[in-house]
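Quick note: the coordinates plus some simple rules give every number you see, no bench work behind them. These numbers come from a predicted model, not from an experiment. In this analysis, Cβ positions are derived from the backbone assuming ideal geometry, glycine residues included, and neighbour counts consider all displayed protein chains.
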């Protein structure tokens, strides 16, 4: 399927705000790929389609992944499931066959241990694209995303841990595995405990 046709189809599948976000991720991913020597067209395509399943109902997401392995936590959470559903739709609906692009879409929400450079770019571009509402640390993260990919991942994963800990929730196991490549288990447990204490207050 031609890129223009993908864009046309995607625009009808997403609401206005989500489409604006999507184009922001596409542009950011393209820029980061140029900086870090990744395939620019792969990055742009993964950025364009990363949220292609985002506006579906949970039932429709589950149908999209019926032949794809997901865990129980993901099966009950649209925010987590849309990445796996998006990977499946990118292949079945948008005709993407490149495994690098499909896996970058698959892992853009949780991350995982041993991420490829393209996967890291899409994960980060999703967080820092221009239309994202400001949150503490976003400007620091945006700067890191233009200079040091691994340090940016480390920072983004720590932000994710702190965010879910304050909410009294558990970090998805795949995200935890990704963070353990940058941070000791002892330090992770310390952050979790601090978040739980703040949540109790």
Can you tell which of 51, 39, 126 shows the greatest fluctuation in a Gaussian network model of the chain with Cα springs below 10 Å? 39
Rg/Rg_globular for the stretch 1-92, with Rg_globular taken as 2.2 N^0.38 Å and Rg from C-alpha atoms: 1.11
What translational D, rounded to a whole number of µm²/s, comes out for the stretch 88-138 from Stokes-Einstein when the hydrodynamic radius is the Kirkwood one over Cα pairs, at 4 °C and 1.567 mPa s? 107
Stretch residue 9-residue 97 to full length: gain in nm at 0.36 nm per residue minus the Cα-Cα span? 29.9 nm
Round to the nearest 0.05 the FRET efficiency obtained for residue 1 and residue 57 when R0 = 25 Å and r is the Cβ-Cβ distance. 0.55
Computed over the Cα atoms of the stretch 89-201, what is the convex hull's projected area averaged over all directions, in nm²? 8.0
Please list, short to long, the whole-number percent of alpha-carbon pairs of the chain in consecutive 10 angstrom bins beginning at zero. 9, 35, 38, 16, 2, 0
What residue among 93, 25, 65 has the largest mean-square fluctuation in a Gaussian network model of the chain, using Cα springs under 10 Å? 93
When the chain is modelled as a GNM with alpha-carbon springs shorter than 10 Å, which of 145, 55, 88 fluctuates the most? 55
Percentage relative contact order, the chain, counting C-alpha pairs under 8 Å, at least six apart: 19
Cβ-based exposure ranking for 68, 19, in which fewest neighbours within 10 Å come first: 68, 19
